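Remarks on the structure that follows.
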Amino acid sequence: MPRKTDGMEFKLLPRPTKGDDGKPLLYVRPASNRKYDMQAVDDWATKYRYFHSGDMTRSVEGLIDVSAILMSDGARVETRMGSFVAKLRLKGDFTDPDSVTDEDVELAGIEFIPSRYFIERLRENIYAGFRRWKDPIERTPIETDDQLEEALRKSMRRGYITIKLFAYYAGLKYHTAKRLLDGLCQGENPRFRKRKEGNTNLYIPIVK
């Protein structure tokens, strides 16, 4: 059977839990790392959807401005794209409601629930279905010290390791890889020291 050449590419990654065969259960996610900033979205809409230049940016900025005002008293804003509402959290652990004060509450983010219309529009545009992305390097999650050392060795570039590259070779999620690398920077005999350059954490081996 010829290999499929269209459709959304997906990749399979291991979950922390294991199946009946003892192997990690899998989850699926889009394989593309492509990103579009607001300017790129605006340019695309201008070229292919006959928007005037800047229309998309002004529309999104207007939606953000008005929604933030309406949501500031706890209201949910419902749009054709989906609904938005403020997400709150407590600053500590509480069991007694009477002990919670106004100062113990903070904004945790924004909850977004996509609308059925938005989901259907996306589904309509995935007209060619899905196709598996062929990873050029077979990856399995690390389970032994030897596998950890091998992943660290493969991840080393120009004297340092990045989270993204280590996660790739270790077969781990980004945040799991970050926790592991951070752990190697701690203790009485740390193996790495962490340095931040821009938005990237660099893990540099400590030579003894």
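Is it the case that region 110-127 has a residue that's exposed (fewer than 10 other Cβ atoms within 10 Å of the Cβ) and over 30 Å from Leu12 (Cβ atoms)? No, every residue in region 110-127 fails to be exposed (fewer than 10 other Cβ atoms within 10 Å of the Cβ) and over 30 Å from Leu12 (Cβ atoms). Of the numbered criteria (1) in contact with a Lys or Arg (Cβ under 6 Å, 6 or more places away or on another chain); (2) loosely packed, with under 13 Cβ neighbours inside 10 Å, the one Gly22 fails is (1).
Among strands (runs of 3 or more DSSP E) entirely within region 82-171, having at least 2 residues that are in contact (Cβ under 8 Å) with a residue 40 or more places away in the chain and either under 25 Å from Gly183 (Cβ atoms) or within 25 Å of the chain's Cα centre (by Cα) (or both) singles out 130-132. Selection over region 138-160 of residues that are under 21 Å from Pro14 (Cβ atoms), of a type outside the set (S, T, N, Q) and out of contact with any Pro (no Cβ under 8 Å at 6 or more places or on another chain) gives a count of 13. Taking the criterion of being surrounded by fewer than 18 Cβ atoms within 10 Å (Cβ to Cβ) and more than 18 Å from Arg153 (Cβ to Cβ), the residues of region 195-208 that qualify are Arg195, Lys196, Glu197, Gly198, Asn199, Thr200.
Comparison of Lys11, Lys35 shows that the only residue that is within 27 Å of Leu172 (Cβ to Cβ) and either touching an Asp or Glu at 6+ places or on another chain (Cβ under 7 Å) or of a type in the set (Asp, Glu) (or both) is Lys11. Checking the structure you have, find out if any residue of region 184-192 is of a type outside the set (A, V, I, L, M, F, W, C) and either within 22 Å of the chain's Cα centre (by Cα) or outside any loop (DSSP other than H, G, I, E, B) (or both). No, region 184-192 contains no residue that is of a type outside the set (A, V, I, L, M, F, W, C) and either within 22 Å of the chain's Cα centre (by Cα) or outside any loop (DSSP other than H, G, I, E, B) (or both).
Here, each number is a calculation from the coordinates, and none is a lab measurement. Since the structure is predicted, the reported quantities are computational estimates derived from the model, not experimental observations. Positions of Cβ are backbone-derived with ideal geometry, glycine not excepted, and every protein chain shown enters the neighbour counts.
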